[in-house]
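Undergrad: Please see the structure below; I have some questions.
Here, each number is a calculation from the coordinates, and none is a lab measurement. Source: prediction; values computed, not measured. Glycine gets a Cβ as well: all are built from the backbone with ideal geometry, and neighbour counts include every protein chain shown.
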């Protein structure tokens, strides 16, 4: 497709330039420039509004730049700065993502500060964001920079906004009337989730149901009558000035701009005794001095990451500065390889012998699954192949899938790509084996998170339909040949994160958003779902497995679990 950028000339957009598709149009990227093309040219943002948006001077506000036209000179889109390799802000909310990515409380505090500063700069330019939801903010992969996107929907002097996500709309403001204070209320909702991991009006109240009732009554998760999901971080992880402000906004209905997000901010997990109702049996396997953030096991070996160190079978093999992005297990018994990405270069280390491993490929989006490491290299998904020669481990890349590079996300065991509006998944059940499917049910969603394990794919997504503010969890089960699948949708869930494993027995065990254990068969068509409600279960545990054994981590320990 050829388009014309005013003042620059013709540009050809190909499938390899495709980034994604939304409700209004498609995004392409050429170098450091992103190009938005409207599906319906009549919805193109007016040129007068583009001039008013030009008052936005903050470089982290990704505003429209130059007008893009068709061959007849009619405006059909605009250019803007392209942000490479970034997360939607909501991907950072779940505890599971935050801990496996090693995101610190200091990083979150800096992001909240940048969020506040950016919004202040927008208001100083005489502009309102209005739809200040978590999908309209990006965070770069270093977790240091926050960007405001979808700026063409902002409200300017002569161009009012006409849409806002219900989850951030102030129920105490007149409907359709937007001010700086309604923006600050939306900021309060989103920034609270950055600190704590849950929406301030989620959780369960004995009588009040839904966002409308809770917001109108000023009853948030800070209210003692509300049961808070265990996946949430403790409220004392919020700096005191901000916590007092949240209480004033959410519980007392006050509408004021926030204080500076200064002070101590530490993610504080609730320490609970390991006791249950008697349904679940637990045995402690390992105790560490600091909080466990990740567990990888394959065969008889187990790697555990904590806040301060990396451990292999109970032996310290590195400190917190050496945390790899992926863990692979070589054919040689107990030889474990850590893979880290540094500005597109992949660095490999034998964690067992503490020696570097030569590797000549570049890559990004490193992830681990079932003892193997996968990474994206341009338009290719590669599996890290490990072989042994004498006492030396050799590493090479093995092609397992070809994808659109800018429209593909790589998660544990699965790659998900948008092919011009259709969503395709590529799952990697065994070394060198890939199965690809178009899953129609996913076409309706913006994908937030995904994970695959032994025939089960779970996906967290937000419906693309206008004003749909919920998040859904989709459970997709394949048959033994990976030719057919079934889909179950759990609607309107808290963003607790995907937390499941499939055991060697073919049973999937999952921690739900309701702090229950869900047990079901992992194969397509199998009937029945069992729920286990036990005081022990909650989103503050992270499931893992080793040689058919169900494991979990909580706090500073790793435990085995079985059902009585």
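Undergrad: Given a Förster radius of 22 Å and the C-beta distance between residue 51 and residue 163 as r, what FRET efficiency does 1/(1 + (r/R0)^6) yield to the nearest 0.05? Could you put the intermediate results ahead of the total?
TA: Values: r = 22 Å, r/R0 = 0.99.
Efficiency, rounded to the nearest 0.05: 0.50.
Undergrad: What relative contact order, as a whole-number percentage, does region 2-81 give when Cα pairs under 8 Å and 6 or more residues apart are counted? Could the numbers behind the result be given before it?
TA: Numbers: 134 pairs, mean separation 25.6, N = 80.
That works out to 32 percent.
Undergrad: How far apart, in nm, are two points set 7 Å out from the Cα along the Cα-to-Cβ line at residue 563 and at residue 319?
TA: According to this spin-label approximation, the distance is 4.4 nm.
Undergrad: Let a ≥ b ≥ c be the square roots of the eigenvalues of the Cα gyration tensor of region 2-81; is it rounded (a/c under 1.5), or, if not, prolate (a/b larger than b/c) or oblate?
TA: On the way: a/c = 1.42, a/b = 1.21, b/c = 1.17.
It is rounded, given that a/c, with a ≥ b ≥ c, falls under 1.5.
Undergrad: Using a basic spin-label model with each label point 7 Å from the Cα along Cα→Cβ, how many nm lie between residue 106 and residue 204?
TA: With each label placed 7 Å out from Cα toward Cβ, I get 3.9 nm.
Undergrad: Could you work out the relative contact order of the chain? I mean the mean sequence separation of Cα pairs under 8 Å and 6+ apart, divided by the number of residues, in percent. Provide the component values of the computation, followed by the final result.
TA: Numbers: 1241 pairs, mean separation 64.8, N = 564.
So the answer I get is 11 percent.
Undergrad: Return the calculated 222 nm mean residue ellipticity for the chain, to the nearest 500 deg cm²/dmol, obtained by summing -39500 (n - 2.57) across DSSP H runs with n ≥ 4 and dividing by the residue count.
TA: Values: 6 runs with 64 residues, N = 564.
So the helix-based figure for the chain works out to -3500 deg cm²/dmol.
Undergrad: Okay, moving on. Could you calculate the contour length gain from residue 440 to residue 470, that is, 0.36 nm times the residue separation minus the distance between their Cα atoms, to one decimal place in nm? Walk me through the numbers on the way to the answer.
TA: Working: separation 30, 0.36 × 30 = 10.80 nm, distance 1.91 nm.
That works out to 8.9 nm of additional length.
Undergrad: With the cut-off at 1.5 for a/c, could you classify region 86-252 from its C-alpha gyration tensor as rounded, prolate or oblate?
TA: Working: a/c = 1.82, a/b = 1.10, b/c = 1.65.
Taking the square roots of the gyration eigenvalues as a ≥ b ≥ c, region 86-252 is oblate.
Undergrad: Kirkwood hydrodynamic radius (Cα pairs, Å) of region 346-424? Write down the numbers at each step before the final one.
TA: Numbers: mean 1/r = 0.0736 Å⁻¹.
Evaluated on region 346-424, it is 13.6 Å.
Undergrad: Contour minus end-to-end for residue 433 and residue 526, with contour as 0.36 nm per residue of separation and end-to-end as the Cα-Cα distance? List each step's numbers first, then the result.
TA: Working: separation 93, 0.36 × 93 = 33.48 nm, distance 2.42 nm.
Additional length available on full extension: 31.1 nm.
Undergrad: Go ahead and collect, in residue order, the members of region 216-244 whose backbone nitrogen is under 11 Å from a label point 7 Å along the Cα-Cβ direction of residue 252.
TA: Inside the label zone: 244.
Undergrad: Then there's this: First check a/c for the chain, with a ≥ b ≥ c the square roots of the eigenvalues of its C-alpha gyration tensor; if it is under 1.5, answer rounded, and if not, answer prolate when a/b is larger than b/c or oblate otherwise.
TA: oblate
Undergrad: I need the calculated FRET efficiency for the pair residue 391 and residue 59, taking r as the beta carbon distance and R₀ as 51 Å, to the nearest 0.05.
TA: Values: r = 51 Å, r/R0 = 1.00.
That gives a FRET efficiency of 0.50.
Undergrad: Quick check: residue separation of residue 85 and residue 8 times 0.36 nm, minus the Cα distance between them. What number comes out in nm?
TA: Values: separation 77, 0.36 × 77 = 27.72 nm, distance 2.61 nm.
So the chain would gain 25.1 nm between residue 85 and residue 8.
Undergrad: Please compute the modelled spin-label separation between residue 287 and residue 42, points set 7 Å along Cα→Cβ, answer in nm with one decimal.
TA: 7.0 nm
Undergrad: Using a Förster distance of 22 Å, how high is the FRET efficiency between residue 144 and residue 16, based on the Cβ-Cβ distance and rounded to 0.05? Spell out each step's value before the answer.
TA: Values: r = 28 Å, r/R0 = 1.29.
The formula returns an efficiency of 0.20 here.
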